[in-house]
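The values are calculated or read from the model by the stated rules, or taken from the named source; none is laboratory data. Because the structure is predicted, anything quoted here is derived from the model rather than measured. Using ideal geometry, Cβ is built from the backbone for each residue, glycine included, and neighbour counts are taken over all protein chains shown. Surface areas here come from the heavy atoms of the whole protein model, side chains and all, with no ligands, DNA or RNA. Shrake-Rupley method; radii C 1.70, N 1.55, O 1.52, S 1.80 Å.
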Amino acid sequence: MFATTHPDLVRRARNVLAQAISGTTRTGYQSAVNSIEKFCTKHKYKLTFPISADTICIWMANNVEGLTFGTIRVYLHGIGTTHVELGLPSPILNSPMVWRMYKGIKRMQGAHVTRKRLPITTEVLDQLEAHQDKQTLSGLSLRAAMWLGTTGLLRSGEFAVRNKDSNVLLRSDLQFIDDNGQQLDGHKAQTHTAYMRLTLRQSKTDPFRQGVDVIVSDHRAVAAMLTYIQAHSTQRASDPLFIAEGGKALDVSTLVAGTQALLVKANIADAAAYLGHSFRRGGATSLHLAGASDSIIRVMGRWRSFAFATYVDTPIAMLVKAGRMLAQTQGKKIVRFVRDDFKPWN
């Protein structure tokens, strides 16, 4: 991509360029190239770069039933990024036909590929309490993780391991704090904890990897964590915070499977619709139902905008109540304020 006679400068520039995309995103982009390469091999096409827009369109048509339109969109960006980094013109940017093809796939698939995700609210967690395994260390770990995930508005990958390259949350990343802001250890933590402070060493909203502190003060979450920590007295600061059976770090698939099993035991409908992101969604919804302001929800969830509103599930009862408020405007005058004009607008 870089035209220069200085190989060291080229190597340095490529290293800097590589930092623009996280490892997880790059893995997804590589999957896109692997997919189209596999398609070409199967149909005896010769894959060459730059990949033609026609080849991409045929590949997309072949995957209408195999990939969701969301995955195809990610793959398209991956193919485009690969071309940019190779110093080649991007067929994604230069061909309107590719995006028209994508629009056609999206319309064909419609809502059938939209996976329903329900929120794991604090109310749901309360219903699960009677079914939690409080006899084993892995059971206490799952319970504490669930409460932390919801009340901390965490992404599942922030407190459970997503893949082998994921950052593992450690015991040293969690501190118990008293009312004076002092860190507590041992017995004092059991009796004087006001809130927990969780340090995320890597986070989606922390591109500079400076670390992000999450404050969790819900007394049920604190109690669940203290019970788990007390039972896991041999845990070292460098050990994973949450563990599964066998002592290995709790991973996302085990977290989701364990949660869904508890939902089934509690006879909560649509257990399969509660997934990894349900904890973050549930935390935002719980705060909303508790009357927290949008600004507080945004700060607690570490959102940079008010896009969090898409995470909040508003009960029908609240919508009905809001609609009835319209009747309260009957007979009231509307006042228009224009500069110094404060006269009623009839």
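Residues considered: G78, G104. Of these, the only one that is at pLDDT 85 or above, open to solvent by less than 60 Å² (accessible area, probe 1.4 Å), more than 26 Å from T285 (Cβ to Cβ) and in contact with a helix residue (DSSP H, G or I) (Cβ under 7 Å, 6 or more places away or on another chain) is G78. Residue check: L125 meets all listed conditions (1) open to solvent by 30 Å² or more (accessible area, probe 1.4 Å); (2) modelled with pLDDT of 85 or more; (3) not β-branched (V, I, T) but one, namely (1).
Contact map, segment 35-61: residues that are free of Cβ contacts under 8 Å to residues at least 12 places away in the same chain paired with residues that are part of a helix (DSSP H, G or I), Cβ distance under 6 Å, separation 6+ or inter-chain. Pairs shown: L47/E37; L47/C40.
In this entry, G246 passes the filter for residues that are surrounded by fewer than 19 Cβ atoms within 10 Å (Cβ to Cβ), closer than 18 Å to G139 by Cα, out of contact with any Phe, Trp or Tyr (no Cβ under 7 Å at 6 or more places or on another chain) and at pLDDT below 95.
Kindly provide the set of residues from segment 145-189 that are in contact with a helix residue (DSSP H, G or I) (Cβ under 6 Å, 6 or more places away or on another chain), open to solvent by less than 10 Å² (accessible area, probe 1.4 Å) and of a type outside the set (A, V, I, L, M, F, W, C), ordered by number. Across segment 145-189, the qualifying residues are G149, T150, S156. Scanning segment 247-261 for residues that are out of contact with any helix residue (DSSP H, G or I) (no Cβ under 8 Å at 6 or more places or on another chain), in contact (Cβ under 8 Å) with a residue 24 or more places away in the chain and over 17 Å from L169 (Cα atoms) gives no hits.
Quick one: how many residues across segment 38-55 are touching a helix residue (DSSP H, G or I) at 6+ places or on another chain (Cβ under 6 Å) and over 23 Å from G87 (Cα atoms)?
So the count comes out to 1.
Regarding F39, is this residue part of a loop (DSSP other than H, G, I, E, B) and at pLDDT 75 or above? When the stated conditions are applied, F39 does not pass them.
The numbered conditions (1) under 26 Å from the mean Cα position of the chain (by Cα); (2) open to solvent by 30 Å² or more (accessible area, probe 1.4 Å); (3) farther than 23 Å from Q202 by Cα; (4) among the β-branched types (V, I, T) are all true for T27 except (3).
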